[in-house]
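Enquirer: My structure is below; once you've seen it, I'll send some questions.
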Amino acid sequence: MYSALTLCLSSLISNPTSIVSSPSQLSDRHLRHEFTVLIPAQNEEASIGSKVLLAASYSDRVLVLDKGSTDRTMEVASLGGARVVPLVGGEEALLKVLYRVSLDSELVVLIYPECMQDIDLISHVLEPLRLGFDLSVGSWPCRVSCEQETVMLLNRKSTFKEKIGFLAVTSKALQDINSGKEHLSLNSLLSAAKSEKLKVNYLSFDVDPAFRKLESTRIGVVVPAYNEELLIGETLNGIPEYVDRIYVIDDGSTDRTGEIVKKFGDSRIVYLRHEVNKGVGAGIIDGYKLALKDEMDIVAVMAGDNQMDPTQLPRLIFPIIEGLADYTKGNRLLSDNFMAGMSRWRSFGNLLLSFLTKIGSGYWHIMDPQNGYTAISRQALEVIDLDSVYPYYGYCNDLLIKLNAFGMRVMDVVIPARYGREKSSIRYSKYIRKVSPMLFRGFLWRLRIKYTVLDFHPLVLFYFLGMFALPLSVLLGIWGLLQLLLQNPLPSYYPLLGFLVLGTGLQMLLFGMLFDMQVEKKKNEKVGLAR
């Protein structure tokens, strides 16, 4: 069927007047139609005739769906050779007609008359299907105002996603989408198409190009949740339409979290439950694995406590789409309200953990490393060993170490903190004591993999000399102090030796850090030049 359809589309696009159908030709067809155009219309008496003739120059059947016209629209449409069908109801009724027509037509195109201002627009509709897409959908500038939905993009810029102006779909694809299910709107139809992994092409001549990039990228969102019955519904409800999959990982919740998710009614949701609590890191890693199986291009993380503002999600995704980063993460430290109400100890703990993560990961420009609002590319997920990632709250710090070892680009994105009814369970005194050994082990692993196995850089020598000299200077100091307490004589050069070893250790460590910074800086400069 597809080969015949491709030949049909090729001839239509190259020579749209080759199958102009007269009214008699339209009425004589009893076999399966090759191409049907649907035009919903109401009180379009002055223009419907030209629309029907335009559609007939491409198709072998034109149906005008009467939305309750009170003028001569339907009479004029009939005179133009169209078949008039009453349409009672909204988009749900329109979709029923669409499905019914697809049963005896290879290709169905739905076009609103106010958007048929140029014959070339139909060619734009058909071209993606000729190239192998299953469904072509989009909008263009309409003379009649369309309903609009505001979408928050970069820098709080508002753009508009217009009402769908056309939809072209093959019969087979439409039957796959339907699969016995009822869809109430065109948007739910598109969500189902994505769930079926059909190839969907988006066209628009008026929508911000950046938003089109979101629509054309397969995006998944991992939502780790543990006892979030109060906020999980708000979190899921806020996830934008352009997200293709939502992976809810219930980490052994003992409340109604799982029940709420199962009843939520969003076809994009994939629910996975841990029978025992494994930790937030383990939940996110399981979500990443599901996203890889579904071949998501980008996977974001939004916690189930509704603390992560969904309007900021494009700011994490766009740097990856545009090739500027492999992993992006939020940074709350520069927002005005992040430190408000935070104790000095908690502020100190946050900054100390950021510094330790800089050393461990090698990403010296990164702050707020425990921020869980992140996005990662499929390439980065495929490179790292997901099973080796730390399963608890330190997973984000460990992930940075592994990303740096394999040369992945990480970008900080300043995102304001959003606080509500959620309560943070992180206690920095315990958290730092638990995460610090992991960071040190990860640091040693990174030096071995990045600077000895995959490549070689003398900075490892500086680091190891520094890590040897500093403990040695401490031991010398303790031994000297003990000798003084025991009133044993010390050589006159002993204090100088201690300070020399201490200074050498500090200098070696600083040189190691400096070279580590330069490696990362040069990598970023190369990326900039390549662009």
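Enquirer: Within the set of pairs 6 or more residues apart or between chains, which connect a residue that is in the same structural domain as LEU110 (by TED's automatic domain parsing) inside segment 63-85 to a residue that is of a type in the set (D, E, K, R) with Cβ atoms less than 6 Å apart?
Expert: LEU63/ARG83; ASP71/GLU45; ARG72/GLU45; THR73/GLU44; THR73/GLU45; MET74/ASP66; VAL76/GLU45; VAL84/ASP66
Enquirer: Take the residues of segment 251-280 that are without any contact (Cβ under 8 Å) to a residue 24 or more places away in the chain and within 14 Å of ASN237 (Cβ to Cβ): which is surrounded by the fewest Cβ atoms within 10 Å (Cβ to Cβ)?
Expert: Among those residues, the one meeting the criterion is GLY265.
Enquirer: Follow-up. Might you check whether a residue that is under 30 Å from ARG441 (Cβ atoms) and out of contact with any Cys (no Cβ under 9 Å at 6 or more places or on another chain) occurs anywhere in segment 479-487?
Expert: Yes, the conditions are met somewhere in segment 479-487.
Enquirer: Next question, about the same structure. Select, from ASP251, ASP286, the only residue that is touching a Phe, Trp or Tyr at 6+ places or on another chain (Cβ under 6 Å) and farther than 16 Å from MET308 by Cβ.
Expert: ASP251
Enquirer: One residue is enough: does segment 387-400 have a residue meeting the conditions within 22 Å of LYS522 (Cα to Cα) and either of a type in the set (Val, Ile, Thr) or at pLDDT 85 or above (or both)?
Expert: yes
Enquirer: Also, quick follow-up: Within segment 222-303, considering only helices (runs of 4 or more DSSP H) that don't extend past its boundaries, which have at least 2 residues that are at pLDDT below 90?
Expert: Qualifying helices (runs of 4 or more DSSP H): 232-238.
Enquirer: In addition: Look at segment 295-318 and say how many of its residues are crowded, with 17+ Cβ neighbours inside 10 Å and either out of contact with any helix residue (DSSP H, G or I) (no Cβ under 7 Å at 6 or more places or on another chain) or under 21 Å from GLY394 (Cβ atoms) (or both).
Expert: Looking only at that region, the number is 13.
Results for (1) surrounded by fewer than 11 Cβ atoms within 10 Å (Cβ to Cβ); (2) not basic (Lys, Arg), shown as yes or no for each residue.
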position: VAL435; (1), (2): no, yes
position: ARG446; (1), (2): no, no
position: ASP455; (1), (2): yes, yes
position: PRO458; (1), (2): no, yes
position: TYR463; (1), (2): no, yes
position: LEU475; (1), (2): no, yes
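Enquirer: Related question: Based on this model, can you work out whether LEU184 counts as closer than 23 Å to PRO240 by Cβ, in a helix (DSSP H, G or I) and at pLDDT 60 or above?
Expert: Values: closer than 23 Å to PRO240 by Cβ: yes; in a helix (DSSP H, G or I): no; at pLDDT 60 or above: yes.
Criteria not met by LEU184.
Enquirer: Right, another one. Which of the residues belonging to segment 335-373 are of a type outside the set (Val, Ile, Thr), modelled with pLDDT of 80 or more and in contact with a strand residue (DSSP E or B) (Cβ under 9 Å, 6 or more places away or on another chain)?
Expert: Residues satisfying the conditions are SER361, TYR363, HIS365, MET367, ASP368, PRO369, ASN371, GLY372, TYR373.
Enquirer: Now for a separate question. Only one residue in ILE111, ILE48 is within 17 Å of SER185 (Cα to Cα) and surrounded by 15 or more Cβ atoms within 10 Å (Cβ to Cβ), so which one is that?
Expert: Criteria check complete, one pass: ILE111.
Enquirer: Further question: MET517: under 36 Å from the mean Cα position of the chain (by Cα) and surrounded by 16 or more Cβ atoms within 10 Å (Cβ to Cβ), yes or no? So that I can check it myself, show each step before the final result.
Expert: Details: under 36 Å from the mean Cα position of the chain (by Cα): yes; surrounded by 16 or more Cβ atoms within 10 Å (Cβ to Cβ): yes.
When the stated conditions are applied, MET517 passes them.
Enquirer: Can you tell me which condition LEU454 does not meet? The list is (1) more than 19 Å from MET508 (Cα to Cα); (2) touching a Ser or Thr at 6+ places or on another chain (Cβ under 6 Å), and all the others hold.
Expert: The one condition LEU454 does not meet is (2).
The values are calculated or read from the model by the stated rules, or taken from the named source; none is laboratory data. Predicted model, so just to flag it, every value in this text is computed and none were measured. Every residue, glycine as well, gets a Cβ built from its backbone with ideal geometry; the counts of neighbours run over all protein chains shown.
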